[in-house]
Amino acid sequence: MSGVEVFSPQGMLHKSWTAQVDDYAITCGWVLHGKAFLVGDVAGGLYSFEAKSGNSLWQQKEVHHGGLLAMSIHPDGETFATAGQDGHVLIWNSGDGSSSKVLELGTGWVEHLKWSPDGLFLAVAFSRRVYLFGIDGQEHWRSNEHPSTISSIAWSRSNELATACYGRVTFYDVATKQVKQKLEWQGSLVSMVLSPDGDVVACGSQDNSVHFWRRSTNQDSEMTGYPGKPSQLAFDQTGTVLATGGGEVITVWSFLGNGPEGTVPGQLSLHTKSISSLAFSNLGMLLASGDRNGSIFVWFIRKDGQGDPLGAAFVDDLVGAIAWRPDDSALATVNAKGGVNLWDFKMRTKSSAKGFS
C-alpha cells in the first residue's frame with residue numbers, strides 16, 4: 001500500500017496507518033459501525049479500508065461520469081449514497097461496494113444529499129428543487145422551485161428538512177409535504193448548520209459573515225469580520241458552541257445564557273493557512289480542524305468557546321474532510337493529493353491538556 005508522508009503526530013494523536021487513492025479526496029466517513037472507512041475522490045473513485053489495518057476492502061472507479069460531488073452514509077452504516085456531475089444518485093452496499101439503485105434526476109450537478117436521522121428518506125438537492133427518496137429508491141416528494149440554486153440542506157429532525165439558497169432558509173414538514181417556516185435575509189448563503197435541537201440555524205455568507213436565527217424566538221443576528229467566506233461550520237453535540245472557519249483562526253461562539261450576542265468568542269490560532277475542515281467528536285467537546293496547508297489539530301473546547309490544543313499532525317496538502325470514528329477512538333482525514341491518514345486518539349486525562357505532551 002502506498003503511504004503518504006506525514007510529520008510525526010504530537011500529543012494525543014498516535015500514528016496508525018496511511019493509504020493513497022487516485023485523485024483529490026473530497027469526502028469520507030465511517031461505515032459498518034466503525035469497522036471500515038470510506039473515501040470518495042473527485043474522479044469518481046470509491047475506496048473502502050479496514051479500520052484497524054488500513055488494508056483495502058474494495059474499490060470502485062469512475063462511478064459518476066464527470067466526477068463525484070457528494071456522499072452521505074445511512075445511519076445504520078450498511079448503506080451509503082453518492083451524487084455527481086452526471087445528474088445521478090447511486091445507492092451502495094457498504095460491505096461489498098455493490099450498487100443497488102440508480103436515481104436519475106436529469107442533466108446537471110447533484111451537489112448535496114443527506115439521509116434523514118431515522119434513515120427512512122434520502123434528501124437530494126438538484127438545482128432549485130429538493131427531492132425526497134425512500135431507501136427503496138422511490139420518489140416520495142419534490143419541492144417547488146426555490147428562488148435560486150440550493151446551496152445546502154440539513155435535517156433538523158426525522159420529519160423536518162431545511163434548505164438554504166440566496167436570501168432564504170426554508171423548513172419543510174416531510175409528513176405534510178408543506179413549507180413549515182421561512183427565514184429570510186438578503187444575502188448569498190454558502191453554508192448551513194443546525195444546532196442538535198434544530199432551534200438555531202447558522203449560515204456562512206458570501207459577504208464574509210455568519211448569520212444565524214433562533215427559530216423559537218424569531219431572533220436573528222450577524223457575526224461579521226471574517227477575512228473569508230465561513231464555509232466551515234460545526235456545532236458540538238450539545239449545541240453549546242459553534243465553531244466557524246473563514247480564515248486561519250477558528251472562531252468559536254458560545255450559546256450559553258444570552259450568547260453569542262454581546263460576548264467575545266473563543267479564538268483558536270495555531271493554523272497558518274485558511275481552515276478547510278471542521279468536525280466535532282460524537283461525544284464530548286473535542287474539535288478537529290484541518291487547513292489548506294495540511295495542518296491538523298485537535299482541541300478541547302470549553303463551554304465559553306475558549307479551547308486548548310490536545311494533539312497535532314501534518315499531511316502534505318489541503319485537508320478535504322475529517323471524520324471521527326463513531327466511538328471517538330480514532331481520527332481520519334483525506335487530502336487534495338489523495339492521501340488518507342488515520343490516527344488513534346488517546347485521552348490521558350478527563351480534563352483539558354494545556355499543550356502537547
How many residues are surrounded by fewer than 16 Cβ atoms within 10 Å (Cβ to Cβ), within 19 Å of SER254 (Cα to Cα) and in contact (Cβ under 8 Å) with a residue 12 or more places away in the chain when one looks only at region 176-221?
7
Is it the case that region 59-81 has a residue that's more than 19 Å from the chain's Cα centre (by Cα) and in a strand (DSSP E or B)?
yes
Taking only region 266-306 into account, find how many residues are of a type outside the set (S, T, N, Q) and either touching a His at 6+ places or on another chain (Cβ under 7 Å) or part of a strand (DSSP E or B) (or both).
17
Could you check region 43-58 and list, in sequence order, the residues that are among the hydrophobic types (A, V, I, L, M, F, W, C), surrounded by 22 or more Cβ atoms within 10 Å (Cβ to Cβ) and in a strand (DSSP E or B)?
LEU46, PHE49
If you scan region 214-224, which residues turn out to be out of contact with any Ser or Thr (no Cβ under 8 Å at 6 or more places or on another chain) and more than 16 Å from GLY257 (Cβ to Cβ)?
ARG215, ASN218, ASP220
One residue from GLY239, GLY228 being surrounded by fewer than 20 Cβ atoms within 10 Å (Cβ to Cβ) and either among the basic types (Lys, Arg) or at positive phi (or both)
GLY239
Can you give me the number of residues within region 260-314 that are touching a residue at least 60 places away in the same chain (Cβ under 8 Å) and within 26 Å of ASP220 (Cα to Cα)?
3
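Rule-based calculations on the coordinates, nothing more; no lab input. For clarity, every value in this text was computed on a predicted model and none was experimentally measured. A quick note on method: Cβ atoms are made from the backbone with ideal geometry, for glycine too, and the neighbour counts reach across all protein chains shown.
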